[in-house]
Amino acid sequence: MPVSSLFHLAKTRLVRNIHLLEDIGDLPYAFLAPVLRQIQIPDQLVQLEANCPQIQGETGEIWLRLIKRDIPGWETKAHQPRDPKNWSKVYKKLKKEASAEEEAQQEALRQKMQALQKDRNGHQTTIINANLNLSSARRSGWSFGGGTRSGWGDPAAPKKTGKVAFDKLKRGIYDAKRARPAASRTPAHILNENRRTVTQVPARMVRMAEAEALSQGPRRMLVPKPNAPSAPTTGTPATRRPIIRQQPMPRVSDAAPERAERPRLPAGQQFSAPRPVPKSQPAPSAPSLKRRAGPNILVEPKRRKV
Amino acid sequence: MSVESKPTSAYVTLVSNDGYEFKILRDAACIAGTIKKAFDQSSGFREVSENRMELPTINGVVLEKVCEYLYYNQKHAESKDVPDLEIPPELCLELLIAADYLDV
């Protein structure tokens, strides 16, 4: 089917706007894991854990990835927290250590550079302004030479004129053209050889592939939690929830393969998700008037039948 | 509310939890697995006799987007290069839940 499923479309869109995601309501982690794995900003993940306590303790893999990304030499440091809820603290601590280390190294480098500079200043030759008592003897020589550049000998034209420089420039352009002829005059196979190839995989594609590999791995069973700790945090009162009159359909396992492998919400439970609101623009309170308020004087008003 | 039974009409009605009704083509609606099962002739659900399905977990805005997707899917069923469906980012989470429920 050329059209991908709505689930896939929404997921892709969500991943693209992952920086807006700060609240996932009471959705279980396993349902949104492929999306949450794309989070790049540690503060955002902290916020998300604070807003949605049901994912606390399950975000270890994301934190580990962030630690791998941000902490140099993370293997040598203790990074496995005793309580899986404390991954963010581990990250914060390691990040602090890493930045302190970096600071110290910068300071050391600065000290070393300053020492070098000092050393160099001590050994430099100094030019002394010594035009003393020589003026009268040399002056005749200057006038005798006639040239503007040298004091003695060589009364001929100066070596560097504009023409020489210009010829050199022209020659340079010619050589460059010889070395790299225009694409239109080059045979196709040479063009293909010269074409640059991608040497490094873009970071985003690596991340996507990793996420893909993770989701292909051993899958966890979806176990509905007996009491999701959602009621006080999400703020949706139970009275506003619609009453479900019919039971949800039993899931059929022989659905399309793409549908079968995506994470499922536990059946028989209802979840609510908040809408992330972009902070820059407040929600419009009144619908904006698109029509001009006054009548246009150039347009004749329609006559109504009486 | 249409109470009298219509055997099979080309259109079915989807009702959101805040009361919006969407009349869409039966073929398009049946792209969604859950809707298809609900309107299955042999099932004997009330939906079959009324040609009307209430979706108490989906609100009007999301259901409108779902209907848009169903028509989009139907329109581009055979085409190769498909333009992306425009999804506002703030609807993504709710759409994910709705897509999971409706099996699309």
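The values are calculated or read from the model by the stated rules, or taken from the named source; none is laboratory data. Worth saying up front: this structure is predicted, and the values here are computed from it rather than measured. Methodologically, a virtual Cβ is constructed for each residue, glycine included, from the backbone with ideal geometry; neighbour enumeration extends over all protein chains shown. Surface areas here come from the heavy atoms of the whole protein model, side chains and all, with no ligands, DNA or RNA. Shrake-Rupley method; radii C 1.70, N 1.55, O 1.52, S 1.80 Å.
Checking each residue in segment A:1-21 for being within 7 Å of another protein chain (Cβ to nearest Cβ) and within 15 Å of B:K65 (Cβ to Cβ) picks out A:V3, A:S5, A:L6, A:F7, A:L9, A:A10, A:K11, A:R13, A:L14.
Restricting attention to segment B:46-63 and to residues that are closer than 21 Å to B:D27 by Cβ and assigned to a loop (DSSP other than H, G, I, E, B), the residue that is farthest from the other protein chains (Cβ to nearest Cβ) turns out to be B:N51. Hey, any hits in segment B:47-55 for a residue that's more than 25 Å from A:R275 (Cα to Cα) and in contact with a helix residue (DSSP H, G or I) (Cβ under 7 Å, 6 or more places away or on another chain)? Yes; the residues of segment B:47-55 include at least one that is more than 25 Å from A:R275 (Cα to Cα) and in contact with a helix residue (DSSP H, G or I) (Cβ under 7 Å, 6 or more places away or on another chain). Step by step: first the residues of segment B:10-45, then only those that are touching a residue at least 40 places away in the same chain (Cβ under 8 Å) and part of a loop (DSSP other than H, G, I, E, B), then the one that is nearest to the chain's Cα centre (by Cα). Which residue is that? Selected residue: B:A32.
Among the residues of segment B:93-104, the one identified as more than 7 Å from chain A (Cβ to nearest Cβ) and not hydrophobic (A, V, I, L, M, F, W, C) is B:Y101. Among the residues of segment B:29-45, those that are farther than 13 Å from B:L14 by Cα and open to solvent by 20 Å² or more (accessible area, probe 1.4 Å) comprise B:I31, B:K37, B:D40, B:Q41, B:S42, B:S43, B:G44, B:F45. In segment B:47-58, the residues that are closer than 22 Å to B:E94 by Cα and open to solvent by 30 Å² or more (accessible area, probe 1.4 Å) form Cβ pairs under 7 Å with partners that are part of a helix (DSSP H, G or I) and at pLDDT 85 or above, at six or more places apart or across chains, as follows: B:T57/B:Y101.
Taken over segment A:23-72, the residue count meeting the criterion of being acidic (D, E), touching a residue at least 12 places away in the same chain (Cβ under 8 Å) and in a helix (DSSP H, G or I) is 3. Across segment B:72-90, what is the total count of residues that are not charged (D, E, K, R) and not in a helix (DSSP H, G or I)? So the count comes out to 8. When segment A:1-22 is limited to residues that are open to solvent by 40 Å² or more (accessible area, probe 1.4 Å) and outside any loop (DSSP other than H, G, I, E, B), the one that is farthest from A:K68 (Cα to Cα) turns out to be A:H8. The requirement of being open to solvent by less than 10 Å² (accessible area, probe 1.4 Å) and touching a residue at least 40 places away in the same chain (Cβ under 8 Å) is not satisfied by B:A99. Filtering segment A:193-205 to residues that are open to solvent by less than 100 Å² (accessible area, probe 1.4 Å) and modelled with pLDDT under 85 leaves only A:A203.
Identify the residue in segment B:64-92 that is open to solvent by less than 30 Å² (accessible area, probe 1.4 Å) and among the β-branched types (V, I, T) and, among all such residues, is farthest from the other protein chains (Cβ to nearest Cβ). By that ranking, first place goes to B:V66. Screening B:E90, B:E64, B:E94, B:E54 for residues that are in contact with an Asp or Glu (Cβ under 9 Å, 6 or more places away or on another chain) and not basic (K, R) leaves exactly one candidate, B:E54. Would you please name the residue that is farthest from the other protein chains (Cβ to nearest Cβ), looking only at residues in segment A:23-52 that are of a type in the set (D, E) and open to solvent by less than 30 Å² (accessible area, probe 1.4 Å)? Out of the qualifying residues, it is A:E49.
Within the option set B:V61, B:V15, being under 24 Å from B:L93 (Cα atoms), among the hydrophobic types (A, V, I, L, M, F, W, C) and open to solvent by 40 Å² or more (accessible area, probe 1.4 Å) holds for one residue only, B:V61.
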